[in-house]
Amino acid sequence: MTPLDKLITYFERFPGTGLRQAKRFAFHVLTLRPDQVQELAGLITSIQNSVVECTTCHRFFSDSGIRQTECSICRNSNRDHSKLLIVSRDSDIEAIERSGVFDGVYFVLGGTISLLSNSSQHPEKVRTSALKALVTDKINSKTLKEIILAFSINPDGENTSRYVESQLSELITQNNLEVSYLGRGLSTGSELEYADPETIKNALAHRTHHEQT
């Protein structure tokens with residue numbers, strides 16, 4: 001396999017990228033000046049040293065050399081820590097923050113659970129244990145009141161919502177926590193990260209609440 005073929009293969013592994021788009025990326029790299037290629041390579045090499053994962057919500061953030069373990073949202077005492085919004089990936093948080101209507105805190109689950117997956121097997125990429133630990137800590141500190149499940153409106157997103165709620169069901173019931181879902185301001189099949197601010201604003205404002213039995 002040639003270096004070009006390898007580069008195309010790497011690009012094809014990126015989320016939402018098919019073979020045609022991967023080829024476009026690779027051939028675009030060939031059009032860059034040598035100094036631009038060096039800069040790109042340097043950024044890729046250094047990113048793991050300059051971007052860290054928040055120990056609380058698990059989103060990635062730039063530590064700017066300060067060596068913080070928590071991101072700016074988790075550290076912000078002005079945020080409403082009684083509301084925990086769970087998303088599948090970092091880019092979803094960026095979309096919600098752009099809407100400017102949510103003042104709570106987040107948790108990045110790390111992916112979604114395919115409707116076709118074996119639900120009896122624990123999905124390794126999903127941070128179920130870390131989520132349970134965070135919810136338990138917030139319950140013990142008496143700060144948590146509402147859990148918002150904010151996954152994309154598609155079969156995998158809805159399946160993930162059911163899975164997360166089932167994993168937290170005991171904690172939810174025992175502590176009388178409110179569980180809600182994004183309202184149908186999001187059209188069926190849409191990805192949260194690509195939604196415009198107004199759509200997200202409506203989805204949050206009209207979120208539906210789970211009826212506990």
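Listed here are the residues, each with its yes/no results for (1) outside the structural domain of Y163 (by TED's automatic domain parsing); (2) assigned to a helix (DSSP H, G or I); (3) exposed (fewer than 12 other Cβ atoms within 10 Å of the Cβ); (4) without any contact (Cβ under 8 Å) to a residue 12 or more places away in the chain.
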site: A41; (1), (2), (3), (4): yes, yes, yes, yes
site: D92; (1), (2), (3), (4): no, yes, no, no
site: L116; (1), (2), (3), (4): no, no, yes, yes
site: V135; (1), (2), (3), (4): no, yes, no, no
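Taking R24 as the residue in question, decide whether it is in contact (Cβ under 8 Å) with a residue 40 or more places away in the chain, outside the structural domain of R98 (by TED's automatic domain parsing) and of a type in the set (D, E, K, R).
On the way: in contact (Cβ under 8 Å) with a residue 40 or more places away in the chain: no; outside the structural domain of R98 (by TED's automatic domain parsing): yes; of a type in the set (D, E, K, R): yes.
For R24, the condition - in contact (Cβ under 8 Å) with a residue 40 or more places away in the chain, outside the structural domain of R98 (by TED's automatic domain parsing) and of a type in the set (D, E, K, R) - is not met.
Please find, among Y106, Y163, the residue that is among the hydroxyl-bearing types (S, T, Y) and part of a strand (DSSP E or B).
Y106
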- Which one is nearest to F61 (Cα to Cα), of the residues in the range 5-25 that are surrounded by 10 or more Cβ atoms within 10 Å (Cβ to Cβ) and touching a Lys or Arg at 6+ places or on another chain (Cβ under 9 Å)? F11
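Restricting the range 191-204 to residues that are at pLDDT below 75 and not in a loop (DSSP other than H, G, I, E, B), which is surrounded by the most Cβ atoms within 10 Å (Cβ to Cβ)? Reasoning before the result, please.
First, the residues of the range 191-204 that are at pLDDT below 75: 191-196.
So of that shortlist, the ones also not in a loop (DSSP other than H, G, I, E, B) come out as 192-194.
Values: L192: 24, E193: 18, Y194: 12.
Among them, the one singled out is L192.
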- Query: Assuming I86 fulfils every condition listed in (1) part of a loop (DSSP other than H, G, I, E, B); (2) β-branched (V, I, T); (3) touching a strand residue (DSSP E or B) at 6+ places or on another chain (Cβ under 9 Å) apart from one, which condition is it?
  - Reply: (1)
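Okay, residues lined up against (1) assigned to a loop (DSSP other than H, G, I, E, B); (2) among the β-branched types (V, I, T); (3) at pLDDT below 95:
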{"position": "Y10", "(1), (2), (3)": "no, no, yes"}
{"position": "F27", "(1), (2), (3)": "no, no, no"}
{"position": "I47", "(1), (2), (3)": "no, yes, yes"}
{"position": "T56", "(1), (2), (3)": "yes, yes, no"}
{"position": "S64", "(1), (2), (3)": "yes, no, yes"}
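This table checks each residue for (1) among the aromatic types (F, W, Y); (2) within 23 Å of P197 (Cα to Cα); (3) touching a Ser or Thr at 6+ places or on another chain (Cβ under 8 Å).
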| residue | (1), (2), (3) |
| --- | --- |
| C57 | no, yes, no |
| S72 | no, yes, no |
| L116 | no, no, no |
| L149 | no, yes, yes |
- Item | Given (1) surrounded by 13 or more Cβ atoms within 10 Å (Cβ to Cβ); (2) touching a helix residue (DSSP H, G or I) at 6+ places or on another chain (Cβ under 8 Å); (3) closer than 23 Å to L182 by Cα, number of the condition G100 does not satisfy | (1)
- Task: Look at V52 and say whether it is modelled with pLDDT of 95 or more and among the hydrophobic types (A, V, I, L, M, F, W, C).
- Result: no
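The values are calculated or read from the model by the stated rules, or taken from the named source; none is laboratory data. Because the structure is a prediction, the values reported are computed rather than measured. Cβ: placed from backbone, ideal geometry, glycine included. Neighbour counts: every protein chain shown.
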